[in-house]
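J.: The structure follows.
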Amino acid sequence: MVQQVEVKLPQKEYPIYIENGLLAQTGTLVKKQWPKVQQVALISDSNVTPLYAEKVRLQLVQAGFQVYLYTVTAGEAAKSLGVVASLYDELLGDGFTRSAGVIALGGGVVGDLAGFVASTFMRGLAFIQIPTSLLAQVDSSVGGKTAVDLPAGKNLVGTFYQPDAVLIDPDTLTTLSQRYLVEGYAEVVKMAAIASADFWQLIAQIQSVAAILTHANALIQASVTFKAKIVMADEKEAGLRQILNFGHTFGHAVEAGANGALAHGEAVSIGMVTLTQCFEHAGLSPVGMTAKLRQQLVAVGLPVTSDLIGQPDFYTRIAKDKKNRGGRVNLIYLKAIGEPTVYPLDLTQLPEFVTQNLLAVK
C-alpha cells in the first residue's frame, strides 16, 4: 500500500509517495503530476544509471513522455557550476523549453544538482525527485533546497525550489553499499533526536546495519513526516527549520576538511556527538545525552570523533558557512530528546567554547 505524506505550503502543495516497488509505478505517478509535460530530462549519475535509469526511462516512455537521459559522474564534484553549465548546454541542444520537466534519479548530490538546474533553466522547469539513497529519501529530497558547491564550501550557491512530487522506493536501498546505507541512517538519528521521544523509541530498535533495512519503511515514513512538518512551518529557514542543522555546523566543517574521506552522514554523526559533548559539559544538555547519541551511532559503525575539530581551518570553514549571519553562528543543542534549542554564539567566541567544553576535557 502506498504511504503518502502531503507537503502543504502557501504557494505549493505536493505529495511524497513511499512504497516498496514504487519505481514500477513511475510512469503513472509522473503522468498524474504532469499531464501536459512532454519532454523530460532524467538526470542521474554513473552509479545509479546502470541500476535504475532504464527501468524509469521505459516507464516514462510508456506513459507518453519524450525522455532524455543525462548522466553525471558520481560524487560531490558533480555539484559544480561547470557541470550545471554543461547540463544547460545539453538541454538547449535537445530543444528543451519552459514546458519541460526535470526528474532527479539518485542520491542527494543528484537531487541538489538536478533541482538547481530545474529551478534556474529558463527561470524554472517542472521538477520531481526520485531519491535512491537513504540520505536522500529521509532528508535532502524533501523541503525544496537545491544547491551546488564552490571551492570555498558546500552548497554556497542554491535556491529554494519545491518539487512537484517525491517518489520513494525503499527497495533501492538494497543496492547501496553498507557504508552509504549507514551514512543515511545518521540523518535518521538526527531527525529522531530533535523530533520526539516516540521517534527515538523507534530508532532504539536499530542495533545493527541489517536492522536499518528491516525497519526502512518506518524510518523513512517517520523522517519524512517530521521534516515535512518543519518545512511547512518554516519553508525558507527563517526560524524553526534551523533545528534541522543539528550536527551540521561542525559536520560541514569536518566534511570539507576531510577532503572526500568522510561521507556527509559520517560527518554529521561526528558533528552531533562532539557538539552535544560541548553542551553537556557546559551544563546545557543533560548528563548522558552524548552517550545516548554515541551508542546509537556506533552501533552501526558510524564515526563519532575527528582530529579536525579545533584545527585553525575548522573555524575558518565554519566562518564561511552560508548559515552564519552577522558574525554569529546558531548552534543547535538538545535540552532533551525532542527538545532542540538554538544557541547563538559569536564566531569569535567559538574557539574558546570548543576548547573549554570539548578539547580540554578529552
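Bear in mind these aren't lab numbers, they're just calculated from the coordinates by the rules spelled out. Values in this document were obtained by computation on a predicted structure and should not be read as measured data. Positions of Cβ are backbone-derived with ideal geometry, glycine not excepted, and every protein chain shown enters the neighbour counts.
J.: How much of the DSSP beta bridge set in segment 3-175 is antiparallel, as a percent to the nearest 5?
T.: 35
J.: Also, quick follow-up: LYS236: which lysines have alpha carbons under 27 Å from its alpha carbon, excluding same-chain residues fewer than 8 sequence positions away?
T.: Straight-line reach from LYS236, under 27 Å: LYS8, LYS12, LYS79, LYS145, LYS154, LYS190, LYS227, LYS320, LYS322, LYS323, LYS335.
J.: Along Cα→Cβ, 7 Å out, is where each label goes; now give me the distance between the ones at LYS32 and ALA218 in nm to one decimal.
T.: About 2.6 nm separates the two model spin labels.
J.: Pick out, in residue order, every one of the trypsin sites (Lys or Arg not before Pro) in segment 1-34 that is DSSP loop and has at most 16 other C-beta atoms within 10 Å; say none if there are none.
T.: LYS12
J.: Among DSSP beta bridges lying fully in the chain, give the percent that are antiparallel, nearest 5.
T.: 50
J.: May I pose another question? Which whole-angstrom value gives the distance between the alpha carbon centres of segment 29-62 and segment 168-241?
T.: 25
J.: How much length would be gained if the chain were fully extended between GLN62 and ALA291, taking 0.36 nm per residue of separation minus their Cα-Cα distance, in nm to one decimal?
T.: Length gained, GLN62 through ALA291: 77.2 nm.
J.: Another question, if that's okay. VAL72's amide H: which non-local residues (gap 5+, or another chain) put their own amide H closer than 5 Å, with H modeled 1.01 Å from N in plane and none for Pro or chain starts?
T.: Residues meeting the amide H criterion: SER44, ASP45, SER46.
J.: Could I ask something else about it? Using the Cα centre of segment 3-175 as origin and beta-carbon charges of +1 (Lys, Arg) and -1 (Asp, Glu), tell me which of SER46, VAL148, LEU60 is placed farthest towards the positive end of the dipole.
T.: LEU60
J.: Sticking with this structure for a sec: With axes computed from alpha carbons, what is the tilt in degrees of helix 216-233 against the longest principal axis of the chain, rounded to the nearest 10 within 0 to 90?
T.: The helix 216-233 is inclined about 80 degrees to the chain.
J.: Here's another thing I want to ask about it. What number, rounded to the nearest 500 deg cm²/dmol, is the helix-based mean residue ellipticity at 222 nm of the chain, given -39500 (n - 2.57) per DSSP H run of at least four residues and division by all its residues?
T.: Only helices count here, giving -12500 deg cm²/dmol.
J.: To continue, here is another question. Just to be sure I understand the model, the point goes 7 Å from the Cα along the line to the Cβ. What's the resulting THR341 to ALA258 distance in nm?
T.: Reported label-point gap for THR341 and ALA258 is 2.9 nm.
J.: When the scattering of the chain is computed by the Debye formula from its Cα atoms alone, each counted once and equally, what is log10 I(q)/I(0) at q = 0.13 Å⁻¹?
T.: -1.00
J.: Could you run the Karplus curve 6.51 cos²θ - 1.76 cosθ + 1.60 with θ = phi - 60° over segment 26-41 and give me ³J(HN,Hα) per residue in whole Hz, x for Gly and Pro?
T.: For segment 26-41, the Karplus-derived couplings read 3, x, 5, 5, 5, 4, 4, 7, 10, x, 10, 6, 10, 8, 10, 8 Hz, x marking Gly and Pro.
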